[in-house]
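I have placed the structure first, in the form of structure tokens, so that the comments after it can refer back to it.
The values are calculated or read from the model by the stated rules, or taken from the named source; none is laboratory data. What you are looking at is a predicted structure, and each value in this text was computed from that prediction instead of being measured. Here the Cβ positions follow ideal geometry from the backbone for every residue, glycine too, while neighbour counts run over all protein chains shown. For accessibility, only protein heavy atoms count, side chains too; no ligands or nucleic acids. Shrake-Rupley method; radii C 1.70, N 1.55, O 1.52, S 1.80 Å.
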Amino acid sequence: MSSKPIIVALDYDNKTEALQLIDKLDPKMCRLKVGKEMFTLFGPDLVKEIHRRDFELFLDLKFHDIPNTVAKAVAAAAELGVWMTNVHASGGLAMMQAAQQALLPYGDKAPLLIAVTVLTSMSDEELKLLGVDVSAAEHVKRLAALTQQAGLHGIVCSAQEASMLKAEFGPEFKLVTPGIRPAGVDKGDQHRVMTPPQAIAAGSDYLVIGRPITKAADPLAALSAIHASLA
Ligand SMILES: O=c1ccn([C@@H]2O[C@H](COP(=O)(O)O)[C@@H](O)[C@H]2O)c(=O)[nH]1
């Protein structure tokens with residue numbers, strides 16, 4: 001387990017509200033994630049405000065485009081000094097290799113680069129509608145193999161696949177798992193879920209947790225309870 005496995009997903013449409021939460025959090029306890037909604041609304045300035053507060057940031061923009069475009073987007077993320085960023089593995093091997101190579105000039109200042117396999121909101125049935133005739137776990141395994149071949153640091157997957165993936169791809173290949181729900185918390189649109197302690201026991205390196213914290217009556221208490229459940 002990472003010494004700081006929790007990544008709080010900030011999916012807010014209001015910057016003041018997001019900063020009010022951030023100001024109650026301790027960068028020693030968690031990292032933060034900014035995704036498409038907040039980055040579209042508030043852009044690089046938000047990233048700078050978060051960095052000023054000493055948090056490491058996962059810029060979750062899930063780039064999916066032709067190799068040249070994704071390579072430039074990933075380099076732009078590196079310019080922002082983020083800790084981690086990502087692409088979609090279904091963009092293909094050449095795209096992931098181009099993204100990885102675009103980070104070489106940044107040396108040890110480069111962000112960790114990971115690839116999204118199968119979104120945690122998707123079920124086997126939904127994959128079938130896309131023409132994928134294997135289970136989500138099988139498809140995740142295929143995309144993880146491609147990601148490792150491209151030289152990325154790891155993948156986004158469900159914690160439900162974590163033990164199989166650790167056995168297959170080894171301990172250094174990072175598993176970043178959204179779809180985390182403490183017992184009794186509403187799943188919402190997530191399909192392949194696990195509780196925080198189950199996810200860690202299965203081999204997840206990082207737990208991405210949004211609404212169970214941000215929509216809780218007391219977000220700080222919710223985060224502290226999850227943190228304590230992992231000790
Ligand atoms: O497969 C994926 C990839 C990314 N996400 C993102 O993680 C958070 C999860 O938020 P919750 O509120 O805890 O459901 C969200 O920002 C997603 O964009 C994901 O859920 N699944």
- Relative contact order computed over the range 88-173 (Cα-Cα under 8 Å; 6+ residues apart), in percent: 36 percent
- How long is the gain from His227 to Gln149 if the chain were fully straight, where each residue apart is worth 0.36 nm and the alpha carbon distance is subtracted? 24.7 nm
- In the neighborhood of Asp124, defined by Cβ-to-Cβ distances under 13 Å, what is the net charge if each Lys or Arg adds +1 and each Asp or Glu adds -1? -3
- Note on the structure: Of the accessible area of the chain, computed with a 1.4 Å probe and all protein chains kept, carbon and sulfur make up a percent value of 53 percent
- Do me a favour and compute the ellipsoid semi-axes for the range 103-157 from its Cα gyration tensor, root of five times each eigenvalue, largest one first, whole Å. 28, 10, 7
- Task: Can you spot the lysines whose alpha carbon is less than 23 Å from Lys128's alpha carbon? Ignore those fewer than 8 places along the same chain.
- Result: Lys62, Lys141, Lys187
- Query: In nm, what is the difference between 0.36 nm times the number of residues separating Lys4 and Asp189 and their Cα-Cα distance?
  - Reply: 64.0 nm
- Query: Relative contact order (percent) for the range 1-87, with alpha-carbon contacts under 8 angstrom and 6 or more residues of separation?
  - Reply: 27 percent
- Within the set of other residues whose C-beta is less than 12 Å from the C-beta of Asp13, count the net charge using Lys and Arg as +1 and Asp and Glu as -1. -1
- Item | Top positive-direction residue, dipole computed over the range 10-109 with Cβ charges, set Thr85, Gln97, Asn68 | Gln97
- Using alpha-carbon pairs under 8 Å, 6+ residues apart, how would you state the relative contact order of the chain in percent? 19 percent
- Query: Per residue, what accessible area does the chain have, given a 1.4 Å probe and all protein chains present, in Å²?
  - Reply: 45 Å²
- Message: Suppose the chain between Leu80 and Leu129 were pulled fully straight at 0.36 nm per residue; how much longer would it get relative to their current alpha carbon spacing?
- Response: 13.9 nm
- Taking the Cα atoms of the chain, what is the range of coordinates along each of the three principal axes, in descending order and whole Å? 42, 39, 32
- Points 7 angstrom from Cα along the Cβ direction at Gln20 and Lys109: gap in nanometres? 3.6 nm
- Just from its helices, what would the mean residue ellipticity at 222 nm be for the chain, if runs of 4 or more DSSP H residues each count -39500 (n - 2.57) and the sum is divided by every residue, rounded to the nearest 500 deg cm²/dmol? -12500 deg cm²/dmol
- Query: When you count, for each residue, the other Cβ atoms within 10 Å and take the mean per peptide, how do 172-184, 199-211 rank with the highest first?
  - Reply: 199-211, 172-184
